[in-house]
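Note sheet for the following structure.
Just so it is clear, none of the values below were taken in a lab; they were calculated from the coordinates. Computed from a predicted model, the values in this text were never measured in an experiment. As a convention, Cβ positions derive from the backbone with ideal geometry for all residues, glycine included, and neighbour counts pool all protein chains shown.
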Amino acid sequence: MEQSLKETIRQDPKKILGVNPLDAKVSLSYLTVAFVSLLIGGILGLVQGLERAGLIDLPSWLNYYQVLTAHGLLLLLVFTATFSIGYLYANLSHALGGLLPKVRKFAWVGFVLMIIGVAMAVTMIVLNEASVLYTFYPPLAAHPIFYIGLVFVVLGIWACCAGVFINYRHWRKNHPGQVTPLLAYFTMAVFVLWFFATIGVTIEVFTLIPWSMGLVETTNVMVGRTLFWWFGHTLVNIWYLVAISAWYVFVPKIIGGRHFSDKLIRLVVILVVVLNIPGGFHHQIIDPAISQSIKFLHVFMSLSIAVPSLMTAFAMFAVFERTGRKLGGKGLLGWLKKLPWGDVRFLAPMIAMISFIFGGAGGIVNTSNQLNQVIHNTMWVVGHFHITVGVSVVLTFFGICYWLIPYLAKRKLTPKMNKLGIIQTVIWTVGMIIMSGSMHIVGLLGDPRRTSDTTYGGHEAAAGWIPFEMLFAVGATLLLIGVIIQVYAVFNMMFFAPKGLTEYPVAEPEDDATPAPMWTERWGLWIVLLLAVVAMAYVVPIVDMILNAPPGSPPIRTW
Amino acid sequence: MKTTEAIKSEKQLNNDDEKSLRGTLVSVGFVAAVIVVMWVAVFWIYMERV
Ligand code: HEM
Ligand SMILES: [Cu+2]
């Protein structure tokens, strides 16, 4: 049926008008910060790789732990958070027909708060007043301004949460009886997690501020670590949700298929949101002061996240196989050949997914009590998170750039840029296999993480690590080349690529798919369940740590 | 010359091939194998060292 222009504009304005330029500006600003952070963080990563290999010596005004703090903070927090917010706000705008003007304001307030916060924290790191690593475990004490900066970052994230919740409610009110579009659903889930993840760490930071200022003499170290990992463990699943939103919604469209069952996707989202937070103690398996049964509970909860992950693996393979067979793939695995390997929008997230097989399996190793004794605080852990966040998450983000940025900037992805993207993806993959692979192996041989000099006076066990550390440096060099290409590609697509319209590749459901049931929208219920699970996992141990607290620790500066 | 019957069943077969998820089963099996192999390998190192 023909629709009048007016009708189309009302029902699907983006078809005619594209993205609202005001919304695009929000997302592009966040993405700009993300890729500037990536560039700086990447350079620092290479510095670390070279230093560990003994190929360079840092000048006296720069120490390894200062560099490592900045690398961790800029990449783990600033890059991933700002990218996610830019991407998710674009999704929200696209799915709900534009952001409300009020919501856009919230996004800008969040942006300014985060910039102020990051500037404060980074300044303190640069001044060598905050070499506490990204985990800022007490009793290591940074300058109070470092912690105040972190508070600003959290406030910025909360402003973004508020924006999403307002827009979501507004849409719900105006669309009774309809489920929200998948992209908006994912966005809602991620920001619900952001909100509840940051509560614990905010309480921690508020106790550290007076302590670092000398107003309070001691702090409870165990409570601090516990509140940190309440956040840290949840952050991991925030990235995971952001990444799978792209796997479920965009990848099927890019390969010419349909997305998997709407109901299963939403079930995965609900499971991750509800089950996620109480896994923090698997980062503290060898910490004292936590009873065995509580540790067991957290290990169990963190393993339960494997359920939605395995559902995702199945769903994605099924999408690939169905699509590949429709395109004529034959035999057991012939469908694999029909997938568009030459399209960076597919190749990057595909490698991300494949790497998650190894990353996820490594995670199961880390969370198992006895196995954790083998790998705890070794380079294995560093290898693990460079595969998971450094490939599964980051390559998904890189792949998203090749359509999201041209779309937002009203430009086009040229075949030349696609080719550069393929080259970038290959360099990144090879670099990470070399770096992360050698980190895994040398970790099993005992090489400690977070240690600038691991020669131990030439002891023979330590001497055996050196060849692997040389491999870190080789991988790190490739990775920095990858970073530079990616940053170039991002800014080229933002400002210089030819003008044009780019598709927002949202997949459709199968023709015979049943729509998702309304009960999936009961966020109030999911949040109550989430809180119940958090209470089950954290109330007893935290009360125990406070009531039976050992003497607190004064602030300590080790550098 | 094929009978209509044969053509029909061939179509059926192709159609089955198109809907088949055998590859998915194999792939999921591969995921399981990676998990088991990695876990057992590190557990073995643990047992060697205790
Ligand atoms: C150019 C690419 C990269 C290189 C060369 C690199 C290299 C390194 C090296 C050598 C370490 C030091 C390990 C130690 O002494 O314990 C490290 C730590 C780390 N990296 Fe990277 N990395 C890169 C990219 C990334 C990315 C993209 C992320 C996350 C998004 C990331 C997150 C981290 C974190 C969280 C740490 C641990 C910091 C700590 O222990 O406090 N890295 N990286
Ligand atoms: Cu965790």
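Mind giving me the FRET efficiency for residue A:25 and residue A:203? R0 is 45 Å, r the Cβ-Cβ distance, nearest 0.05 is fine.
Values: r = 34 Å, r/R0 = 0.76.
After rounding to 0.05, the efficiency reads 0.85.
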Distance in Å, no decimals, from the C-alpha centre of the range A:240-305 to the one of the range A:335-394 is 14 Å
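Past the 24 Å Cα-Cα mark, which pairs from A:102/A:412; A:25/A:263; A:102/A:253; A:173/A:412; A:105/A:410; A:337/A:419? Walk me through the numbers on the way to the answer.
On the way: A:102/A:412 30 Å; A:25/A:263 33 Å; A:102/A:253 32 Å; A:173/A:412 36 Å; A:105/A:410 22 Å; A:337/A:419 19 Å.
From A:102/A:412; A:25/A:263; A:102/A:253; A:173/A:412; A:105/A:410; A:337/A:419, over 24 Å: A:102/A:412; A:25/A:263; A:102/A:253; A:173/A:412.
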How big is D, in µm² s⁻¹, for the range A:149-219 by Stokes-Einstein at 20 °C and 1.002 mPa s if Rh is the Kirkwood radius over C-alpha pairs? 151 µm²/s
For the protein assembly as shown, with only Lys/Arg (+1) and Asp/Glu (-1) charged at the beta-carbon, what is the dipole magnitude about the Cα centre, in debye rounded to 20? 1840 debye
5 angstrom amide H check on residue A:378, placed H, neighbours 5+ away: A:449
Residues in the range A:413-454 reached by a label modelled at residue A:474 [backbone nitrogen below 17 Å; 7 Å Cα→Cβ]: A:427-443
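To one decimal place, what orientation-averaged projected area in nm² is obtained for the convex hull of the Cα set of the range A:16-85? Don't jump to the answer; show the numbers that get you there.
Working: hull surface 23.2 nm².
Orientation-averaged projected area of the Cα hull: 5.8 nm².
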Between helix A:415-444 and chain A: long-axis angle, C-alpha atoms, 0 to 90°, nearest 10: 30 degrees
Under the Karplus curve 6.51 cos²θ - 1.76 cosθ + 1.60, θ = phi - 60°, whole-Hz ³J(HN,Hα) for the range A:314-322, x wherever Gly or Pro sits: 4, 4, 5, 4, 5, 4, 5, 5, 4
Cα gyration tensor of the range A:180-233 diagonalised, 5x eigenvalues square-rooted, in angstrom largest first, produces semi-axes 33, 10, 5
Evaluated at q = 0.13 Å⁻¹: base-10 log I(q)/I(0), Debye formula over Cα of the range A:78-166: -0.48
Counting partner chain Cβ atoms within 10 Å of every residue's Cβ in B:35-42, what's the average? 6
So, in nm, how far is label residue A:58 from label residue A:215 when the simple model puts each one 7 Å beyond its Cα toward the Cβ? 3.1 nm
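Take the alpha carbon atoms of the range A:19-547, find their radius of gyration, then divide it by 2.2 N^0.38 Å using N residues; give the quotient.
On the way: Rg = 22.5 Å, N = 529, 2.2 N^0.38 = 23.8 Å.
Rg over 2.2 N^0.38 Å, computed on Cα atoms: 0.94.
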Note the angle between two axes, namely the Cα long axis of helix A:344-367 and the longest principal axis of the Cα atoms of chain A, as a number of degrees from 0 to 90, rounded to the nearest 10. 40 degrees
Two decimals is fine: what's Rg over Rh for the range A:423-466, C-alpha atoms, Kirkwood radius as Rh? 1.12
Over the range A:187-260, what is the relative contact order in whole percent, taking alpha-carbon pairs under 8 Å and six or more residues apart? 35 percent
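Treat the range A:25-134 as a sphere of radius equal to its Kirkwood radius over Cα pairs and apply Stokes-Einstein at 25 °C in a medium of 0.890 mPa s; give the translational diffusion coefficient in µm²/s, rounded to a whole number. Could the numbers behind the result be given before it?
Values: Rh = 15.2 Å.
Using the Kirkwood radius from Cα pairs, D works out to 161 µm²/s.
Please say if the range A:472-536 is rounded, prolate or oblate, where rounded means a/c under 1.5 for a ≥ b ≥ c the square roots of the C-alpha gyration tensor eigenvalues, and otherwise the choice is prolate for a/b larger than b/c and oblate otherwise? Show your work: numbers first, answer last.
Numbers: a/c = 3.08, a/b = 1.54, b/c = 2.00.
Here the range A:472-536 falls in the oblate category.
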Distance from the range A:57-99 to the range A:446-489 (C-alpha centre basis), Å: 22 Å
Chain lengthening between residue A:525 and residue A:370 when straightened (0.36 nm per residue, less Cα-Cα): 52.2 nm
Mean other chain Cβ within 10 Å across A:361-368 is 4
Rounded to two decimals, the Rg over Rh value of the range A:426-559 from Cα coordinates and the Kirkwood Rh reads 1.17
Average projected area of the Cα convex hull of the range A:126-245, in nm²? 8.6 nm²
Using only Cα atoms, what is the ratio of the radius of gyration of the range A:237-337 to 2.2 N^0.38 Å? 1.39
May I ask you to order B:24-31, A:86-93 by the average number of other C-beta atoms within 10 Å around their residues, highest value first? A:86-93, B:24-31
May I ask you to compute the full-extension gain from residue A:410 to residue A:105, defined as 0.36 nm times their residue separation minus their alpha-carbon distance, rounded to one decimal in nm? 107.6 nm
Helix axis angle, A:221-249 relative to chain A longest principal axis, alpha carbon, degrees: 20 degrees
Theoretical FRET efficiency, 1/(1+(r/R0)^6), r = Cβ-Cβ of residue A:293 and residue A:499, R0 51 Å, to 0.05: 0.25
